[in-house]
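Engineer: Sharing a structure below in structure tokens format, with a few things to ask.
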Amino acid sequence: MSEERRGYLYGLTAYVMWGFFPIYFKMLRPASPLEILAHRVIWSVVFVALLLSAMRNWRFLTRVLRSPRLFGGISLAAVLIAINWGTYIYGVNSSRVVETALGYFITPLLLVLLGVTVQHERLRPWQWAAVAVGGIAVAVLTVDYGRLPYIALLLAASFGTYSLVKKRLSLPPAEGLFVESSVLAVPALVYVAWLTTAGDAKFGHVSTSHTVLMVLSGIATAVPLLLFAAAANRVSMTGIGILQYVAPILQLAVGILIYHEPMPPARLAGFGLVWLALVIFTTDAIRQARKTRKGTATGPTAATVEPVTALPPR
């Protein structure tokens with residue numbers, strides 16, 4: 001098997017795992033979203049620490065501790081990933097799996113907007129068209145829901161901002177996850193201790209299988225992230241950008257087919273507009289990547305021609 005095919009296999013496995021995350025997190029009820037988030041953070045630190053110990057790779061900590069700017073950036077990334085994880089868990093366990101899928105569908109479009117507003121990048125006409133169609137889609141879905149799809153927008157916004165921060169930090173996936181989770185581990189441990197003292201903790205009080213699943217949430221967090229990193233080293237970013245749609249497609253299918261969440265015509269129309277925007281965006285990205293490879297691309301273009309710029313923080 002070639003390295004590229006191996007990369008696609010790693011990437012597909014990661015995105016399929018993320019696609020079925022709603023089933024996993026629903027199995028963690030009746031624990032509250034905050035308790036699930038706290039344990040996800042704690043056990044991520046434990047698992048990645050064991051992994052780094054096996055790899056004997058702790059030298060990166062010296063670089064982090066000696067740079068207040070780097071540590072501050074990692075702390076900001078940690079807050080953003082906590083918001084993303086917490087919002088996702090809340091959305092799944094409040095029977096809004098379809099809306100969480102929407103969040104990851106519109107994320108590429110929001111990443112492009114961040115590139116324009118923060119990075120001062122220039123978009124090609126078809127990219128502007130994709131963003132415009134995406135904006136219309138959000139308006140249609142707002143009318144359908146009777147409110148802004150705030151879970152979807154918060155997921156996209158937190159991931160987009162997280163992506164921007166991570167792009168500037170340039171930490172490897174395992175090391176980055178360890179430091180970010182470590183920053184969150186102290187408040188997570190305090191919260192778990194408070195829940196336990198108050199007698200409201202579900203961890204260890206529901207069933208053995210529930211306790212095991214809570215512990216394994218750390219592995220469930222780290223494994224697909226590491227698989228994605230392995231894929232990113234072997235596959236073009238355009239290829240990774242196309243693969244990223246596997247996860248929200250599966251999440252949407254889980255929400256509709258397994259949990260029977262409603263999909264009225266207006267909502268379906270909104271999703272259809274989102275998919276149209278993504279088709280325009282992805283087609284333009286592939287065409288531009290081919291032009292670049294042939295050496296025919298001229299003039300300034302958007303710095304991001306692929307639908308993904310950072311590691312997904314599901």
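Engineer: For segment 228-257, which positions are in contact with a Leu (Cβ under 9 Å, 6 or more places away or on another chain) and under 14 Å from Leu12 (Cα atoms)?
Structural biologist: Phe228, Ala229, Ala231, Ala232, Val235, Leu243, Tyr245, Val246, Pro248
Engineer: Restricting attention to segment 250-271, and to residues there that are out of contact with any Pro (no Cβ under 9 Å at 6 or more places or on another chain), of a type outside the set (A, V, I, L, M, F, W, C) and surrounded by 14 or more Cβ atoms within 10 Å (Cβ to Cβ), which single residue is nearest to Asn93 (Cα to Cα)?
Structural biologist: Only one residue tops the list, namely Glu261.
Engineer: Applying the selection to segment 167-176, what residues are part of a helix (DSSP H, G or I) and either small (Gly, Ala, Ser) or in contact with a Gly (Cβ under 7 Å, 6 or more places away or on another chain) (or both)?
Structural biologist: Narrowing segment 167-176 to residues part of a helix (DSSP H, G or I): 167-169, 173-176.
Within segment 167-176, Arg168, Leu169, Ala174, Gly176 qualify.
Engineer: Determine, yes or no, whether Arg29 is charged (D, E, K, R), free of Cβ contacts under 8 Å to residues at least 40 places away in the same chain and either in a loop (DSSP other than H, G, I, E, B) or closer than 22 Å to Leu177 by Cα (or both).
Structural biologist: Numbers: charged (D, E, K, R): yes; free of Cβ contacts under 8 Å to residues at least 40 places away in the same chain: no; either in a loop (DSSP other than H, G, I, E, B) or closer than 22 Å to Leu177 by Cα (or both): yes.
For Arg29, the condition - charged (D, E, K, R), free of Cβ contacts under 8 Å to residues at least 40 places away in the same chain and either in a loop (DSSP other than H, G, I, E, B) or closer than 22 Å to Leu177 by Cα (or both) - is not met.
Engineer: Tell me whether segment 42-56 contains one or more residues that are at pLDDT 85 or above, under 16 Å from the mean Cα position of the chain (by Cα), part of a helix (DSSP H, G or I) and buried (at least 19 other Cβ atoms within 10 Å of the Cβ).
Structural biologist: For segment 42-56, residues at pLDDT 85 or above, under 16 Å from the mean Cα position of the chain (by Cα), part of a helix (DSSP H, G or I) and buried (at least 19 other Cβ atoms within 10 Å of the Cβ): present.
Engineer: State yes or no: is Val190 at pLDDT 95 or above, farther than 15 Å from Ser44 by Cα and either among the β-branched types (Val, Ile, Thr) or over 18 Å from the mean Cα position of the chain (by Cα) (or both)? Break it down into steps so the answer makes sense when it comes.
Structural biologist: Numbers: at pLDDT 95 or above: yes; farther than 15 Å from Ser44 by Cα: yes; either among the β-branched types (Val, Ile, Thr) or over 18 Å from the mean Cα position of the chain (by Cα) (or both): yes.
Here the answer is yes, as Val190 does meet what is asked.
Engineer: Just to be sure I understand, how many residues within segment 167-178 are surrounded by fewer than 23 Cβ atoms within 10 Å (Cβ to Cβ) and touching a helix residue (DSSP H, G or I) at 6+ places or on another chain (Cβ under 8 Å)?
Structural biologist: Taking segment 167-178 and keeping what is surrounded by fewer than 23 Cβ atoms within 10 Å (Cβ to Cβ), we get 167-175.
Next, only the ones that are touching a helix residue (DSSP H, G or I) at 6+ places or on another chain (Cβ under 8 Å) stay: 168-169, 171-175.
Residues in segment 167-178 being surrounded by fewer than 23 Cβ atoms within 10 Å (Cβ to Cβ) and touching a helix residue (DSSP H, G or I) at 6+ places or on another chain (Cβ under 8 Å): 7 in total.
The values are calculated or read from the model by the stated rules, or taken from the named source; none is laboratory data. Predicted model, so just to flag it, every value in this text is computed and none were measured. Backbone-built Cβ (ideal geometry, glycine too); neighbour counts: all protein chains shown.
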